[in-house]
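Bear in mind these aren't lab numbers, they're just calculated from the coordinates by the rules spelled out. Please read all numbers here as calculations on a predicted model, not as lab measurements. Cβ placement follows ideal geometry from the backbone for every residue including glycine, while neighbour counts extend to all protein chains displayed.
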Amino acid sequence: MSDLTPLARLGGHLATDLRDVTSDPEALDSSGWWAVVADYEGGLCCARFGDVRPAPLPAPAPGRWRGPAPGDWVSSLDRAAYTEGVRRIRTAIGTGDVYQVNLCRVLSAPLPNPAPEAADIDQLTARLAVGTPAAYAGTVRLPAHGVEIATASPELYLRRADRTVESGPIKGTGRSAADLGEKERAENVMITDLVRNDLGRVCVPGSITVPALCAPEPYRNLVHLVSTVRGELPEPAGPGARGAGEWARLLAGTFPPGSITGAPKSSALRLIDALETAPRGPYTGGIGWVDADRGTGALAVGIRTFWIERDHPRPLLRFGTGAGIIWDSDPEQEWRETELKASRLLAVASGEYDANSKNSKNSKNAGNAGNAGNDAATAARGSAMPGARPVTQRPPAAPRGEQQ
């Protein structure tokens, strides 16, 4: 592990020279530049770095990433279990217990060679950036603390610029805009309302606005419906007072992100706990950066995210995929949506997809790899606001970032 030095690539910056690691969210209002990983189950890792400077994502380097074979991926929920979960959620909707629930499954595969020279998570980020570019792509690599994450997330969980906070929930995914109908729009509106309520817990009453509702955003091979929710934090009490604990209150009031839970959130969380058989980890959590000196930061929803777990006899690469379930959901169609979301990313991780080559192997094969081991598994059981800086120089004030 000695070659895997701690680093973070987030918001268009490279952070090195690790200074502190803590699970205390109060640190995010202290001083310095922090990489932040909040896992779905509530674990928090905040890492302060001493050297932070603008840098592009790395270019893929031959030999620095060897991913699992496509057929090695297994799913925490196989097709039968997932579609049965959809039916149980629809029953709960019919009885009025919930309106929408995000049902997820976690895919896992052993790394064929876990040595640093063949399993550098930063190199998986480089490959994802070529194959599936995203607004909030990045790496958090803290091997000694069990954190090795590559993300290609397109979704904003929280952005902060001084007193203004913003969220960009995504609900509704299709191959083209024509695939996004009333079902997807209903999903998005429900979750947007949930995010409004979440931000309302921590923002000034009456300050919550929705500048964009159900706006289609194209990505490579996919189109999402994205809304924007914005609010204003209250001024710190007292003259010259500093907003101590504001990030802690933001996280407490809004976590987990509404787009990957459901509505009402408390009922959805109970149903998720009953139906899902594996912890989500950083998938559907929050991944990003905070500049405590500037009061700025951006956390993405941890979707389209891979992470390495090395505390197994054979280190595992994991990845999550899911879909939002409402009354109109068709179980088989929701299963296919989870495959659509996973297919290209699994192909990139397994080395089956090269965006620069016309002879790339069909990424659909890797998408079905999430299926390939399902029965066996069951049987066995970015758009970030500028603001980071080298430690020797404070940059000019950062402009507001725009949703991408």
Under the Karplus relation with 6.51, -1.76 and 1.60 and θ = phi - 60°, whole-Hz ³J(HN,Hα) for the stretch 292-302, x at Gly and Pro, equal 5, 5, 9, x, 10, x, 8, 10, 8, 6, x
If I model a spin label as a point 7 Å beyond the Cα along the Cα-Cβ vector, how far apart are those points for TRP327 and ARG310 in nm? 5.1
Going by average Cβ density within 10 Å per residue, which order do the peptides 225-231, 91-97, 19-25, 249-255 take, highest to lowest? 225-231, 249-255, 19-25, 91-97
Relative contact order of the stretch 275-327, defined on C-alpha pairs under 8 angstrom at six or more residues apart (%): 28
Under the 7 Å Cα-to-Cβ spin-label approximation, THR209 and GLU84 lie apart by a distance in nanometres of 4.9
How about LYS265: which aspartates and glutamates have a C-alpha closer than 14 Å to its C-alpha, ignoring those fewer than 8 places off in the same chain? ASP97, GLU187, ASP193, ASP198, ASP273
What spacing in nm lies between the two simple spin-label points modelled at SER23 and ARG185, each 7 Å away from Cα in the Cβ direction? 4.5
